[in-house]
Amino acid sequence: MVYESMRRIALRSTDVRSIALMSSAIFLAGCLDLNPNVKACSVTIAPAVIAVTVNGRVPVTGTAFDCKGNSIRNKNISYSTENPTIATVAPDGTVIGISVGMTTVSAVASGQTGTAQVTVTPEVAANVTVNPGVVTLRKGNTRTFTATVKNASGIVITGRPVRWTSSNSSIASIDQNGMLIALAAGQVAVAAEVDQIVGAANVLITEVRIETCSVTPATNRVLVGQQTQPTISLRDSAGMLLQLQGRPINWVSDNEIVAGVSQSGVITARKAGTAKVTATSIEFPGVSCSTSVDAFDPRVDKVLINQQTGMLRIGIPRLLTASVVDSVNNPIPNKVVVWTSLTPAVATVTNLGIVTGTALGTARIQASVDGVSDIVSYQVTKIPVGMVTISPLQATVFEGETRQFRATVTDSAGTEVTDRVVEWFTNDPTRATVSSTGLVQAIASGVVQISAVSESRGGTSTLVIFQVPVDTIIAPPSFTLVRGTTSGFTIVLRDANGNELRNRTISVTSSQPNIAVVPANVNTSTVPVSGVAVGTTELTLRALNSNGQAEGKATRVTVTVTPPPTGN
């Protein structure tokens, strides 16, 4: 009828435009099926690859074709999405991003399906606001800033990484959590950058007034020719401690013959006697504080080794110290102590007083200063191991990971020793191995006991090994077998890093069990399939964890069962 109508138009008119319209209609009639009730033989969706941001919208078009390849006009097409938590699709074919990820959008007509791959990417920032926008801080205080990120529609978006910077880090520094520290008086700008969009706030930092100061210690007893540096503390009106950096102080001694002082506060004892050293704030001259200096020049009267009792263990160093006092038992600092071993075959001693037992017996050690000495005797022994403990006492790892265990060896006197040989053992080397240093390699899931033994004393720790979650099941997309036979296809399991996994349970379901039968669970790398009737079914494979819960991505395999060869 369409062709006849066009012919009549051409006969009734010589209008060139009418002839053009007639030609276009004839062309469209050949490319379009104008009957929407014609059954679709195929469906396509355009575009086939879609990229959309979270909360973004992209229209898609589904087109149905009849069995001659003509598109069907006004054919009813329904849309759906494989994962609505990632993207949804409206009845008119508008794809809406929900969360970051990938999914598939389908267009269906007359039972025929066309699909498109959808990738949802994060929203892009269009505006960044820093809160608070203006702030005044005292030097030494902190303030945490926040950034509000909005998209081009003015909607707040969350989860976007923020890069914080300060225009002058010597005045104020800011970490990547937005916490600012006021370091010096001045003005800085704080910037928050998201997707190359920058928001800023202005920060004014003011100096804090010094109200009081104190010098510790209150009295300094210094050997003539030696130096000491007392500590000065500055506080504000609230009694809060202020930083000394950037606060100039003037130091003065009232008796330079006895003690001099530098402008950094270092006191030098010059002659026996007393002096008073005063520290005054240059910024606030009314604030000052002082300390007294007692300079002395005594003679050594007694040397006493502080460690008078105890024992030495072969090969284990022990530090000795000595006190040097004058005739009134006042300590004399900075005297050089000469250490000597009177039994070098039993123990040695260094210039620093580190003594080490080398053989069983009695060691005699001497400390001397200016001709005055003290001698101490120690018994050199080797104490047996009393206890071995392992840390951690319990640990968890995944298959393929390592975990370092450490053994603490304590002798029978309760002292930790490090000169003993420790041997490591595992009660199940098929699940975990342990090195001579206590490094455990997890092999298979389960519970393993790790032991450390030294001189027949041992300790034990429990290691729980979890399975690495399955991420992907690799299988052929399709598989064919003959009705009445059983065959199988090979699968490979991999984790999120692409490593191959074994000995896992796989759940297998058939969309048409009357066509092909499969076991509910498979524990091998081959999935057996039994052909029951001629036709096609879809198998869905999911990995199960140790609790029988599904994990990782689902894999689908199309199984076709064909008739037996003619004559069978």
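The values are calculated or read from the model by the stated rules, or taken from the named source; none is laboratory data. Quick caveat, the model's predicted, so the values are computed rather than measured. All Cβ positions, even for glycine, are placed from backbone atoms using ideal geometry, and neighbour counts span all protein chains on display. Remember, those area values only see protein heavy atoms, side chains included, never the ligands or the DNA or RNA. Shrake-Rupley method; radii C 1.70, N 1.55, O 1.52, S 1.80 Å.
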Next on the checklist: Suppose we look only past 15 Å in the calculated P(r) of region 279-326. What percent of the Cα-Cα pairs does that tail hold?
Outcome noted: 71 percent
Next on the checklist: Give the lysines reachable from LYS302 as a straight Cα distance under 16 Å; neighbours fewer than 8 places away on the same chain don't count.
Outcome noted: LYS335
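So what's Rg/Rh here for region 142-184, counting alpha carbon atoms and using the Kirkwood radius for Rh?
With Rh from the inverse mean 1/r over Cα pairs, Rg/Rh is 1.10.
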Next on the checklist: Let me check I've understood the local charge: for ALA442, count other residues with C-beta under 9 angstrom from its C-beta, Lys and Arg +1, Asp and Glu -1. What total comes out?
Outcome noted: 0
Checklist entry - How many Å² of accessible area per residue for region 310-349, probe 1.4 Å? => result 54 Å²
Checklist outcome for this item: If N is the residue count of region 368-475, its Cα Rg over 2.2 N^0.38 Å rounds to 1.62
Next on the checklist: Please list, ordered by chain and number, the residues whose modelled amide H lies under 5 Å from the amide H of VAL222; skip anything fewer than 5 residues away on the same chain.
Outcome noted: ASP294, ALA295, PHE296
Checklist outcome for this item: Kirkwood calc, region 449-520, C-alpha pairs only, radius in angstrom 16.5 Å
Checklist entry - Which net charge results when you count Lys and Arg as +1 and Asp and Glu as -1 among the other residues whose beta-carbon is under 10 Å from that of ASN499? => result -3
Next on the checklist: One quarter of the convex hull surface, Cα atoms only: what value does that give for the chain in nm²?
Outcome noted: 51.3 nm²
Checklist outcome for this item: Mean shadow area (nm²) of the C-alpha convex hull around region 321-424 is 10.9 nm²
Item to check | Radius of gyration and Dmax over the Cα atoms of region 75-206, both given in Å | outcome: 22.5, 75
Checklist entry - Relative to the present Cα-Cα distance, how much length would full extension add between PHE466 and ASN306 at 0.36 nm per residue of separation? => result 52.2 nm
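What is the diffusion coefficient of region 315-360 in µm²/s, taking the Kirkwood radius over Cα pairs and the Stokes-Einstein relation at 4 °C with a viscosity of 1.567 mPa s? Kindly include the intermediate steps, with their values, before the conclusion.
Details: Rh = 12.0 Å.
Stokes-Einstein gives a translational diffusion coefficient of 108 µm²/s.
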Checklist outcome for this item: Cβ-Cβ cut-off under 10 Å around ASP471, Lys and Arg +1, Asp and Glu -1: the net charge is 0
Next on the checklist: Over the Cα atoms of region 82-124, each weighted equally, I'd like the Debye log10 I(q)/I(0) at q = 0.26, 0.28 Å⁻¹, rounded to two decimals.
Outcome noted: -0.91, -1.00
Checklist entry - If the cut-off is a Cα-Cα distance under 20 Å, which aspartates and glutamates reach LYS39, setting aside same-chain residues fewer than 8 apart in sequence? => result ASP66
Item to check | Hull shadow area, averaged, region 250-333 [alpha-carbon convex hull, nm²] | outcome: 9.0 nm²
Next on the checklist: Give me the percent of accessible area attributable to carbon and sulfur for the chain, probe 1.4 angstrom.
Outcome noted: 53 percent
Checklist entry - Taking the Cα centre of the chain as the origin, how large is its charge dipole in debye, to the nearest 20, when only Lys and Arg (+1) and Asp and Glu (-1) carry charge on their Cβ atoms? => result 1080 debye
Checklist outcome for this item: Per residue, accessible area of region 411-568 with a 1.4 Å probe, heavy atoms of protein chains only, in Å², comes to 53 Å²
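With +1 on each Lys and Arg Cβ and -1 on each Asp and Glu Cβ, how big is the dipole of region 168-283 about its Cα centre, in debye rounded to the nearest 20?
The calculated dipole for region 168-283 is roughly 760 debye.
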Next on the checklist: I want to verify the translational diffusion coefficient of region 488-541 in µm²/s; compute it with Stokes-Einstein, Rh as the Kirkwood radius over Cα pairs, at 4 °C and 1.567 mPa s.
Outcome noted: 108 µm²/s
Item to check | Percent breakdown of C-alpha pair distances by 10 Å bin, ordered from the shortest bin, for region 169-266 | outcome: 12, 31, 23, 17, 11, 5, 1
Checklist entry - When the distances between all Cα atoms of region 429-567 are binned every 10 Å from zero, what whole-number percent does each bin get? => result 11, 32, 23, 15, 10, 6, 2, 0
